[in-house]
Amino acid sequence: MKNSQLNQRLLGLSRPAKRAVVLGVDIVLALLATWAAYSLREESLHWPQGHQWWVYLSGPLMAVPIFVRMGLYRAIFRYTGLDALVTTALAVGLYAVIHLVFLQWLLWPVFPVTLGVLQPILFLLLIGISRATARFWLAGVGFGRGFEQGRMLIYGAGTVGVQTASALGIAGGLKPYGFIDEDPGKIGQTINGLPVFSPAMLSEVVQKYDITDVLLAIPNVSRGQRNQIIHTLRTLHVHTRTLPALSDLASGKVSVQDVHELDLDDLLGRDAVVLQADLLTSCIESKTVLVTGAGGSIGSELCRQILQQHPRQLLLLEHSEFALYTLHRELDGWCKDTDAKTQLVPLLATVVDRRRLDWICTTYRPHTVYHAAAYKHVPMVECNPSQGLINNVFGTLNMAQAAAAVGASRFVLVSTDKAVRPTNLMGASKRMAELVLQALASEPGNQSTCFSMVRFGNVLGSSGSVVPLFREQLANGGPITVTHPEVTRYFMSIPEAVQLVLQAAVMAQGGEVFVLEMGHSVKILDLAYRLVELSGLQVRNEQQPDGDIDISFIGLRPGEKLYEELLIGDNPMSTAHPRIMKALESFMPWPALQTQLGMLMQAALAEDEAGIRVVLHCCVQGFHDQPDA
């Protein structure tokens, strides 16, 4: 039988069967230690005679009860660490004392004392070897497999780095070869047998040991230092990975499951936007909060962050049963773990069903509504214009009117930079949704509800965003597809976007469009290069014909722009937060917009794409159908 098959068969045994196997091995080792002790003392191969049989039998009879009492058979051997080995040594030490005293009492004066000392020493040695063998073999780090493993350096020799090295040693697959650390007191030393090198030696160590992976175990380092380290690693063509932030390692223990690909902020190479948590509570704490599109990437993160502000009720509105089930289970688990008192209410609904929305709002009377439900994929809406417009425009109208009818205090629309001078139907539909809220905010009868919109760029990590697509293409060996060599986008992470939405709700007075100051836009081609290089690979091009991954330019998709904008006008105003701007952009009064909405609905119901575009050209400033050349 192959080693892997035997390994799986042993791991598949029941817990009592595994303990029986280990107990049997220990009995054999106790007998073997006694035989070896006699043979060494007599300097010849031994065969027991007479009273010596009592010495052989006494070993297992005394060792097994002591081992059971000290919990040695409750250990999981493939995860055996230093604590377990210390416990084993203590158990054998206790056994040695009791065994020696017993044999001296039973067999004195014919029992040799040297045998009572030598046998436990040999027994401890055999037990230690058996436990170490079980750990490495059952954990899948079998002998002779080292050359098949990835070779990893751990950047950071602190507590997190050392724990990670231990976890990797148990799990296998990646073999730690050493640490990189800036602490002069650690450089040149060894930690658990692994050398510590200075950052200046990084390139030399990577080449000398043929390092394939570098793990960033520096969760508390500044963003500037982190970016500098990542920039250096890009040139070494090693697969760079990372560990979570310190807040995610609060337990003080690290497992191999914590190792993951670089964070999205690392790929962007810029500082994350730091937002003010003290602005997040006034619309949420002890209130009923409704999130539409709760199962989506933005909606689910909204729910997670809202839950941390302790609302009285959190209403999860979602049309996908599976997405709603998954989110509710996750949030319910979080509430139980943290003893949160928030009542979670999963609501299956679509925002185009006004009757259902009215019932929900009348029943639960939400104080704040975060409207994230939308069809957001540009090509998909281009292929399904009527459904895209009905969902994005009239779904927003339905939800806004239902919330206003019960006196909701605030209504916040999650919008997009594609709403600015849109070249596609998705962007135009989101601008129409903004126009709906701006018009409603201006109506005297809606003053009890504060309507606002939050507009931001591409959200990294969301479904359909570019980085997950690039990673999937990279895992498949390429090519990575980029629409155009000059295409640029603004980027932000999902947590950043959600915090902006939450804070905008607090600062809104009615009808504003809020925009995050996102710094410089990012060229998609540069992002693709960075991702390839930090995966330990090279882009194949004219300069590097022997590279690993091709980048293919597929052309702009219908309705896609080379670049995105965040404001229609040129009059952004500052807010209480230095990274958030607001604009009071032009809009149509409600009576005029209501007429256009009627025409839009008729065209959508008739699947009249030309009629849809006529209305959009009339209402949406800067809307044009052809992408930039």
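The values are calculated or read from the model by the stated rules, or taken from the named source; none is laboratory data. If you're wondering where the values come from, they're calculated on a predicted model, not measured in any experiment. Virtual Cβ from ideal backbone geometry, glycine too; neighbours counted across all protein chains shown.
Of all the criteria given as (1) more than 13 Å from VAL381 (Cβ to Cβ); (2) of a type in the set (A, V, I, L, M); (3) touching a Phe, Trp or Tyr at 6+ places or on another chain (Cβ under 6 Å), the one not satisfied by ALA428 is (1). Inspect all residues belonging to region 376-389 and state whether any of them is surrounded by 15 or more Cβ atoms within 10 Å (Cβ to Cβ), assigned by TED's automatic domain parsing to the domain that holds GLY611 and closer than 19 Å to THR288 by Cα. There is no residue in region 376-389 that is surrounded by 15 or more Cβ atoms within 10 Å (Cβ to Cβ), assigned by TED's automatic domain parsing to the domain that holds GLY611 and closer than 19 Å to THR288 by Cα. Quick one: ASP339 ticks every box in (1) surrounded by fewer than 18 Cβ atoms within 10 Å (Cβ to Cβ); (2) more than 20 Å from ARG410 (Cα to Cα); (3) touching a residue at least 24 places away in the same chain (Cβ under 8 Å) bar one, so which box is it? Unmet condition: (3). Look at region 290-305: where a residue is surrounded by 23 or more Cβ atoms within 10 Å (Cβ to Cβ) and a partner is of a type in the set (S, T, N, Q), sitting 6+ places away or on another chain with Cβ atoms under 8 Å, you get LEU290/THR368; ALA294/SER300; GLY295/SER320; GLY295/THR326; ILE298/SER462; GLY299/THR292. Filtering region 441-457 to residues that are closer than 15 Å to HIS371 by Cα and either assigned to a helix (DSSP H, G or I) or free of Cβ contacts under 8 Å to residues at least 60 places away in the same chain (or both) leaves only THR449.
Looking at region 546-556, which of its residues are assigned to a loop (DSSP other than H, G, I, E, B) and at pLDDT 75 or above? Hits for region 546-556 are ILE554, GLY555. Residues that are without any contact (Cβ under 8 Å) to a residue 60 or more places away in the chain and touching a Gly at 6+ places or on another chain (Cβ under 8 Å) do not occur anywhere in region 395-410. Of the candidates GLY519, GLY510, GLY559, the single residue that is over 24 Å from the mean Cα position of the chain (by Cα), modelled with pLDDT of 80 or more and within 24 Å of VAL454 (Cβ to Cβ) is GLY510.
Picking from SER415, SER429, SER386, SER409, which residue would you name as being small (Gly, Ala, Ser) and touching a Cys at 6+ places or on another chain (Cβ under 9 Å)?
Going through SER415, SER429, SER386, SER409 in turn, the sole match is SER409.
Of all positions in region 576-591, none carries a residue that is farther than 29 Å from MET507 by Cα, modelled with pLDDT of 75 or more and in contact with a helix residue (DSSP H, G or I) (Cβ under 8 Å, 6 or more places away or on another chain). When the residues of region 12-45 are filtered to those that are over 40 Å from the mean Cα position of the chain (by Cα) and among the charged types (D, E, K, R), the one that is modelled with the highest pLDDT is ASP26.
For region 409-433, the set of residues classified as among the hydrophobic types (A, V, I, L, M, F, W, C) and in contact with a Pro (Cβ under 6 Å, 6 or more places away or on another chain) consists of LEU425, ALA428, listed by residue number. In region 275-299, the residue that is modelled with the lowest pLDDT out of those that are assigned to a loop (DSSP other than H, G, I, E, B) and within 19 Å of the chain's Cα centre (by Cα) is GLY296.
Could you tell me whether ARG9 is surrounded by 17 or more Cβ atoms within 10 Å (Cβ to Cβ), of a type outside the set (Phe, Trp, Tyr) and either outside any loop (DSSP other than H, G, I, E, B) or modelled with pLDDT of 75 or more (or both)? Spelling it out, it is not the case that ARG9 is surrounded by 17 or more Cβ atoms within 10 Å (Cβ to Cβ), of a type outside the set (Phe, Trp, Tyr) and either outside any loop (DSSP other than H, G, I, E, B) or modelled with pLDDT of 75 or more (or both).
In region 336-355, what count of residues is obtained for those that are in a loop (DSSP other than H, G, I, E, B) and of a type in the set (A, V, I, L, M, F, W, C)?
4
Matching residues to (1) at negative phi; (2) modelled with pLDDT of 85 or more; (3) surrounded by fewer than 14 Cβ atoms within 10 Å (Cβ to Cβ); (4) not assigned by TED's automatic domain parsing to the domain that holds ILE229:
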site: GLN163; (1), (2), (3), (4): yes, no, no, no
site: GLY169; (1), (2), (3), (4): yes, no, no, no
site: GLY172; (1), (2), (3), (4): no, no, no, no
site: TYR177; (1), (2), (3), (4): yes, no, no, no
site: GLY185; (1), (2), (3), (4): yes, no, yes, no
site: ILE191; (1), (2), (3), (4): yes, no, no, no
site: PHE197; (1), (2), (3), (4): yes, yes, no, no
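Can you tell me which condition ASN571 does not meet? The list is (1) more than 30 Å from MET380 (Cα to Cα); (2) at pLDDT 70 or above; (3) not small (Gly, Ala, Ser), and all the others hold. Against the list (1) more than 30 Å from MET380 (Cα to Cα); (2) at pLDDT 70 or above; (3) not small (Gly, Ala, Ser), ASN571 comes up short only on (2).
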